[in-house]
Each structure stands twice: as structure tokens, then as C-alpha cells.
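Before any comments, here is the structure.
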Amino acid sequence: MGSTLVLLVLVVALALAFDYVNGFHDTANAVATVVSTGVLPARTAILLAAVCNFGGAFLGVGVAKTIGGNIADPASITQIVVAAALLGAIAWNLLTWYYGIPSSSSHALIGGLVGAVCCHRVWNGAEVGTSLWELLTSKGVLLTLKALVISPLVGMLGGFTLMIILTWLVLPLRPRTVNTSFRFLQLGSAGFMATAHGSNDAQKAMGIVTMALAAYAASNGETTTDFSVPLWVVVSCATAMALGTAAGGMRIMKTMGHKIIKLRPINGFAAETSAALVILVATILKAPVSTTHVISSSIMGVGASKRVSAIRWGVARSMMIAWILTIPVTAILAAAIYAALRLMF
């Protein structure tokens, strides 16, 4: 009993560390545009994002239930599985942060879970192909994969469409008036984007912690079909993400704010508003989406509304390669970590 409780505490701490790194890694999602357009200084924008992220985390637990209850059956979840998944996701997040590449913390976590659970099943005698197929066709993974493809496309289309509409609306106005007005409006869109980010991303750590609690209960002979997220888990994960966001990830902020397209306040408003709407709809649908993918795609859509050549496609290509690699690489990392942990313990 004592050793399992200690292991649970360690896994919960690791989940909160992932949540912190997620906030640190994804600070740019909410405030890169508002900083690059000069509407707010970086530190003020980061604090705004931290507060809004915290508030957004209390908007629901549907995504947490998808992560914690709809990816793998409870029999396949142990504390070592959860720990391996988290370590694989954290390693990938830190690597992409170091190189300033916007990548998905959400898909890193999904990849880590798939790799760790698959390795656990194979370790206990299951066939690799069968185990992997069952995971990839699970309700949670299918929902995530659909969102992986659809949400960036909707984000890009939304950014493109909103920018076209705004351009027509401001045609009669003087450029100085447009710039001044959207500097003010962008404060609201940045807060909106940060709240949407918290509503989706903080729930992923909630799902992982609740998964670990269920595994602990199962190890003690308790069974339950009710996947409910305790209030202390919601508060802890909201706090960890807010603190991570407050720490700020300037490397990725520079990529998103300066290297994809040159942004003005009206562009930042369009990108943030369209991305926030897509993320909030996904949260309502209980779909874990990549806030990084959505805001990056929205920025590209805004740039494409000017002209296709306005987008720096070399930077966009590097981002897309990272997006494609995230799930398979974190799955392999988590599987290797699980094997190492099983040999050690």
C-alpha cells in the first residue's frame, strides 16, 4: 500500500510537471501575435495569458474524460504506463522548445499514451499489431486524429475568411484609425485566445491525473465505471498551467510572432479570434486539439489573405514536419521509457 501510494504521488507530480511544461511551451499560442504587433510588452502579455489560462481551465472536463477514459481500457493502465507516457511527452516538448518549433503538447501526450500502453500490452504477451490497432481505433484516439486533421484546416480557413471580411470593413477608414482601433481590440482577442487555450490544454493533465487515480484504486482492488475529475485535480492542473505560462517560452513566441508572416494588429486580431473559436468548439465537443496547430494555421490563413508569398513557407514546412513526427516519435520514446522502467522496477 505504501509503495503504490508513493508511486501515485510521483506520477501526479510528473503530470503537473507536464502541465507546467505545456503552459511554458504554449505561451506563444496566446500572446505571440499581441507581442509581435507591439500592442503589449512580452511580460504583460504573458501575465495576461497566465490569468486567462487559469480561468479557462474551469470551463469543463469533457476533454479530460476523452484523454483519461476513452483511449485505453483501465486494465492496460498502470502507474508505470502513465509515467512513461508523460516522460516521452515532456522530452519532446523540451526538444521542440529548444529549437523554437511550435509543436503539439496534446499530440505528444496522445503519442506517449499509445506507445506506453502498447508496450505494456506486448510486455504482457499481446501481439504488437493487434495491440497497436486496438489503440489507434479507440474512441479517444480516433477523435484526436480527426481533430488533428480538421482543426488546423478550419483554423486556416477561419483566419483567411475573417481577414478578408475585416479588410473590406476597414476600407473606408484611414490606416492610422484602423491600427489604433485594432490595437485595442487585440487585447480582447488575446485574452479570448488564452482562455480557449486553458479550456482545452489544462484538461489533458486533468485526464492523466484522474487516470493515475483510477489505476491506484484498481491496484487496491477497487473498481469504478465513473470517470469523474475531482475538484482538487482541476485546481492543481489550472495552477500548474498558469505558472508554466507565466514562465513564458520566448523561443517559440519569436517563431510564431515574427517568422511565419509580418503581423499588424488587425492580423493578430483575426488570427487570435478565429483560432479561439475553433478551440472552444473543440472543447465543447470534448475533442483534444492542438492549440499550437490551430493558432499557427490561423496565422497562415491571415497571411494567405494578403498573398500566398506573404507566408514564409520554409518556416511553415519545418513546423509541419514536427507536427507529422510528434505522435510516432513520442510513441517510440514512451515505449522505450516504459521498457526501461519495467527493467528497473
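One table, with the values for the structure above:
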{"quantity": "Residue check for His293: closer than 30 Å to Leu142 by Cβ and modelled with pLDDT under 90", "calculated": "yes"}
{"quantity": "Test for Leu95: is it without any contact (Cβ under 8 Å) to a residue 40 or more places away in the chain and either in contact with a Cys (Cβ under 6 Å, 6 or more places away or on another chain) or closer than 15 Å to His25 by Cβ (or both)", "calculated": "yes"}
{"quantity": "Some residue of region 62-80 being in contact (Cβ under 8 Å) with a residue 40 or more places away in the chain, assigned to a helix (DSSP H, G or I) and hydroxyl-bearing (Ser, Thr, Tyr)", "calculated": "yes"}
{"quantity": "Positions within region 296-323 being at pLDDT 75 or above, within 15 Å of the chain's Cα centre (by Cα) and farther than 20 Å from Met193 by Cα, in sequence order", "calculated": "Trp323"}
{"quantity": "Any hit, region 86-108, residues being in contact with a helix residue (DSSP H, G or I) (Cβ under 7 Å, 6 or more places away or on another chain), outside any helix (DSSP H, G or I), at positive phi and at pLDDT 85 or above", "calculated": "no"}
{"quantity": "Residue match in region 106-120 (condition: surrounded by fewer than 22 Cβ atoms within 10 Å (Cβ to Cβ) and hydrophobic (A, V, I, L, M, F, W, C))", "calculated": "no"}
{"quantity": "Complete set of residues in region 117-135 that are more than 14 Å from Asp73 (Cβ to Cβ), assigned to a helix (DSSP H, G or I) and not hydrophobic (A, V, I, L, M, F, W, C)", "calculated": "Gly129"}
{"quantity": "Residue within region 209-232 that is within 14 Å of the chain's Cα centre (by Cα), surrounded by 24 or more Cβ atoms within 10 Å (Cβ to Cβ) and under 18 Å from Ile67 (Cβ atoms) present", "calculated": "no"}
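The values are calculated or read from the model by the stated rules, or taken from the named source; none is laboratory data. In this text the structure is predicted, and so the values were computed from the model without any measurement. Ideal geometry is used to build each Cβ from the backbone, glycine not excepted, and the neighbour counts take in all protein chains shown.
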